[in-house]
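Reading through the structure tokens given below for one structure.
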Amino acid sequence: PEVDLYAEMITAKEVGGDFYDFYFIDQDRLAFLIGDVSGKGIPAAIYMAVCRTLLKATAHQVVHPGEVLRKVNALLIPESEAATFVTVFYGVLNTRTGEVQYSNGGHCAPYVLRSHGAVEPLPLTDGFLLGKIEHIDYDARKIQLGKGDSLFLFTDGVTEAMDLGSDLYEEKRLESYLQGTNGSSLEKVVKGSITDLKSFAGGAEQSDDITILALRYNG
């Protein structure tokens, strides 16, 4: 009851390389994540499944979000081909306090949607994409969510979606949409963002997977 979650994924092909996940790692801590594998189709989907499995297994052994990404990066190196890598945002919400610890591995910055209507990008941590370079450290930061505050996570299939004139949707338009969602349910926020994106695209073919995960702290 302390948390609401809603997510959607629209793949560009029959199978995709985007992923999201969430699970309790103990009684009070909820891990949540979103990721984007390079490439599309079956090879990306296989690599995605490996990455998702490693993240979940590591999360139950390690507390620090940056250390989770460091360990998973090291484990992914042997599984990665020349053009294969993954970006990941990984966070842990304390459901008693509303504190979120998070680490970012080269992924898009999520947005914080405050209950009073403000929309702000989450400050990023230092950290490179996973699966390419050994011996990388990943920083972690903290943010405090108040009652009714939300996080909006997405892959670059959202902001890099193109219209018929090859113009990008971009962060500015996403921020503008999110500014008008105060008070809406997470399902409405997510579905509405996809509707706004499709309206912008105007019938242009989807070129990348689109994945969105929204989380709200109820206090």
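The values are calculated or read from the model by the stated rules, or taken from the named source; none is laboratory data. Because the structure is a prediction, the values reported are computed rather than measured. Don't worry about glycine lacking a Cβ; one is built from the backbone with ideal geometry, like all the others, and counts go over all protein chains shown. Remember, those area values only see protein heavy atoms, side chains included, never the ligands or the DNA or RNA. Shrake-Rupley method; radii C 1.70, N 1.55, O 1.52, S 1.80 Å.
Can you confirm whether Ala161 is in contact (Cβ under 8 Å) with a residue 12 or more places away in the chain and in contact with a Pro (Cβ under 6 Å, 6 or more places away or on another chain)? Criteria not met by Ala161.
Among Leu215, Leu151, which is the only one that is in contact (Cβ under 8 Å) with a residue 40 or more places away in the chain, out of contact with any Ser or Thr (no Cβ under 8 Å at 6 or more places or on another chain), surrounded by 15 or more Cβ atoms within 10 Å (Cβ to Cβ) and within 21 Å of Tyr102 (Cα to Cα)? Break it down stepwise before answering.
Values: Leu215 fails: out of contact with any Ser or Thr (no Cβ under 8 Å at 6 or more places or on another chain).
That would be Leu151, the only listed residue that is in contact (Cβ under 8 Å) with a residue 40 or more places away in the chain, out of contact with any Ser or Thr (no Cβ under 8 Å at 6 or more places or on another chain), surrounded by 15 or more Cβ atoms within 10 Å (Cβ to Cβ) and within 21 Å of Tyr102 (Cα to Cα).
Would you say Leu168 is open to solvent by less than 20 Å² (accessible area, probe 1.4 Å) and either free of Cβ contacts under 8 Å to residues at least 40 places away in the same chain or more than 30 Å from Ala82 (Cβ to Cβ) (or both)? When the stated conditions are applied, Leu168 does not pass them. Within segment 85-118, which residues are touching a residue at least 24 places away in the same chain (Cβ under 8 Å), open to solvent by less than 30 Å² (accessible area, probe 1.4 Å) and either of a type in the set (A, V, I, L, M) or out of contact with any strand residue (DSSP E or B) (no Cβ under 7 Å at 6 or more places or on another chain) (or both)? Once the filter is applied, which keeps residues that are touching a residue at least 24 places away in the same chain (Cβ under 8 Å), open to solvent by less than 30 Å² (accessible area, probe 1.4 Å) and either of a type in the set (A, V, I, L, M) or out of contact with any strand residue (DSSP E or B) (no Cβ under 7 Å at 6 or more places or on another chain) (or both), segment 85-118 yields Val86, Val88, Val92, Leu93, Val100, Val112, Leu113, Gly117. None of Lys40, Lys71 is of a type in the set (D, E, K, R), touching a residue at least 40 places away in the same chain (Cβ under 8 Å) and open to solvent by 50 Å² or more (accessible area, probe 1.4 Å) except Lys40. Select from segment 92-116 the residues that are out of contact with any Ser or Thr (no Cβ under 8 Å at 6 or more places or on another chain) and part of a strand (DSSP E or B) and list them in ascending order. The answer is Val92, Leu93, Asn94, Glu99, Val100, Gln101, Tyr111. Among the residues of segment 99-120, the one identified as hydroxyl-bearing (Ser, Thr, Tyr) and under 20 Å from Tyr169 (Cα atoms) is Tyr111. Would you pick out the residues in segment 43-63 that are free of Cβ contacts under 8 Å to residues at least 60 places away in the same chain and of a type in the set (A, V, I, L, M, F, W, C)? Within segment 43-63, Ala44, Ala45, Ile46, Met48, Ala49, Val50, Leu54, Leu55, Ala57, Ala59, Val62, Val63 qualify. The one condition from (1) touching a Lys or Arg at 6+ places or on another chain (Cβ under 6 Å); (2) of a type outside the set (Lys, Arg); (3) closer than 30 Å to Gly180 by Cα that Phe85 does not meet is (3).
Can you work out which of the residues in segment 143-169 that are among the charged types (D, E, K, R) and more than 11 Å from Leu197 (Cβ to Cβ) is nearest to the chain's Cα centre (by Cα)?
Residues of segment 143-169 that are among the charged types (D, E, K, R), as a first pass: 147, 149, 156, 160, 163, 167.
Then keep just the ones that are more than 11 Å from Leu197 (Cβ to Cβ); that gives 147, 149, 156, 167.
Numbers: Lys147: 21, Asp149: 17, Asp156: 9, Asp167: 23 Å.
Per the criteria, the residue is Asp156.
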